[in-house]
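Novice: Before anything else, here's the structure in question.
Each value in this text was obtained by applying a stated rule to the coordinates, not by laboratory testing. Values in this document were obtained by computation on a predicted structure and should not be read as measured data. Positions of Cβ are generated from backbone atoms using ideal geometry, with glycine treated the same way; all protein chains shown enter the neighbour counts.
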Amino acid sequence: MSARDVTLPLALVIDDEQQMRRLLRVVLEANGYRVATASGGEEGLVMAATWRPDVIILDLGLPDLEGLAVLKRLREWSQVPVIVLSVRDRDTDKIAALDSGADDYVSKPFSTGELLARLRVAQRHVQPADEAAVVRTGGLQINLASRAVTLNGEAVTLTATEYAILRLLARHLGRVLTQRQILREVWGPGGADQAHYLRVYVARLRGKIEAVPARPELLLTELGVGYRLAVKD
């Protein structure tokens, strides 16, 4: 592990490709992280338990233990942010990773700027105090305590279901939530067959919070996966 200032956040990279581990070390250390690396899933789990990293970057194609298995075992005892970084770019792979507990999914080859931005977003959601915070993105503001929503200072009137969807996305600002996750949280365990309703409510929400609903900039669709509330200045 890097011997840099221990006050810096620690990133654990679990990837079996040596060149990728080296690249990520260079990128992360140049951007204010300490870095620990593991070449396999079992080693990665031991290091996660030992070092207690601030964020984990995880490859899915590991030689000894599938990345999804690593995720599921990790989530039994830790809520550390996990970014999956994988050459697998099928929607089914992304959905499986997110449903197994990943905070985000980045496909290889990747933009270092995008990866760093997603790491920052994932780390912002670690503190439990976020639940009582006011979430702001662009001109949209959601007060999770008072349930008040404003757009450019003007009150936005939402139905209970519209608010439930927006609140869920706001609590995970910048992160992709699968349709299954949203349906389960908003409609309950039996909501898996409500996907058509979800599309309707998303369209209604966009009509209330987007400047041009047909070209959304806040409530974004991740094709074949789900939705996310974008981070905007």
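Novice: Using modelled backbone amide H atoms (1.01 Å from N, in-plane), which distant-in-sequence or interchain residues come within less than 5 Å of Asp104's amide H?
Specialist: Long-range HN contacts for Asp104: Val82, Val84.
Novice: Okay, next question. Name the GluC sites (Glu not before Pro) in the range 14-76 that are in a loop by DSSP and that have at most 11 other C-beta atoms within 10 Å, would you?
Specialist: Details: sites: Glu17, Glu29, Glu42, Glu43, Glu66, Glu76; in loops: Glu17, Glu66, Glu76.
Of the GluC sites (Glu not before Pro), the ones in loops of the range 14-76 whose Cβ has at most 11 other Cβ atoms within 10 Å are Glu76.
Novice: If you line up the Cα atoms of the range 10-123 on their principal axes, what length do they span on each, largest first, in Å?
Specialist: So the extents along the principal axes, rounded to whole Å, are 31, 31, 26.
Novice: Can you sort Trp51, Trp77 by how many other beta carbons sit within 10 Å, fewest first?
Specialist: Numbers: Trp51 14, Trp77 10.
Taking fewest neighbouring Cβ atoms as first place, the list is Trp77, Trp51.
Novice: Tell me the angle of helix 112-123 to the major Cα principal axis of the chain, expressed in degrees between 0 and 90 and rounded to the nearest ten.
Specialist: Here the helix axis deviates by roughly 70 degrees.
Novice: Please tell me the relative contact order of the chain in percent, rounded to the nearest whole number, where contacts are Cα pairs under 8 Å and at least six residues apart. Before the final figure, lay out each step's value.
Specialist: On the way: 376 pairs, mean separation 31.3, N = 233.
Relative contact order for the chain comes out at 13 percent.
Novice: How far is helix 195-209 tilted off the main Cα axis of the chain, in degrees rounded to 10, range 0 to 90?
Specialist: For 195-209 against the chain, the angle is about 70 degrees.
Novice: What longest range of the chain stays clear of loop-exposed trypsin sites (Lys or Arg not before Pro) (DSSP non-H/G/I/E/B, at most 16 other C-beta within 10 angstrom)? Walk me through the numbers on the way to the answer.
Specialist: Values: sites that count: Arg4, Arg75, Arg90, Arg124, Arg147, Lys232.
My reading of the result: 148-231 is the longest stretch.
Novice: What's the local net charge at Glu43, with K and R +1, D and E -1, over the other residues with C-beta under 14 Å away? Before the final figure, lay out the partial values.
Specialist: On the way: positive: Arg21, Arg73; negative: Asp15, Asp16, Glu42, Asp59, Asp64.
Local net charge: -3.
Novice: Once the Cα atoms of helix 160-171 and of the chain are each reduced to a long axis, what angle between those two axes, in degrees from 0 to 90 to the nearest 10, is obtained?
Specialist: Between the helix axis and the principal axis of the chain, the angle is about 30 degrees.
Novice: How big is Rg to Rh over the range 128-229, alpha-carbon atoms, Rh as the Kirkwood inverse-mean-distance radius? Don't skip to the answer; put the middle values down first.
Specialist: Numbers: Rg = 12.8 Å, Rh = 13.8 Å.
Reported Rg/Rh, Kirkwood definition of Rh: 0.93.
Novice: OK, next. What 222 nm value per residue comes from the helices of the chain, counting each DSSP H run with n ≥ 4 as -39,500 (n - 2.57) and dividing by all residues, nearest 500 deg cm²/dmol? Mind showing how you got there, number by number?
Specialist: On the way: 8 runs with 88 residues, N = 233.
Counting only the DSSP helices, I get -11500 deg cm²/dmol.
Novice: A further question on this structure: Which value, in Å to one decimal place, does the Kirkwood hydrodynamic radius take for the chain when every pair of different Cα atoms is included?
Specialist: The Cα-based Kirkwood calculation yields 18.7 Å.
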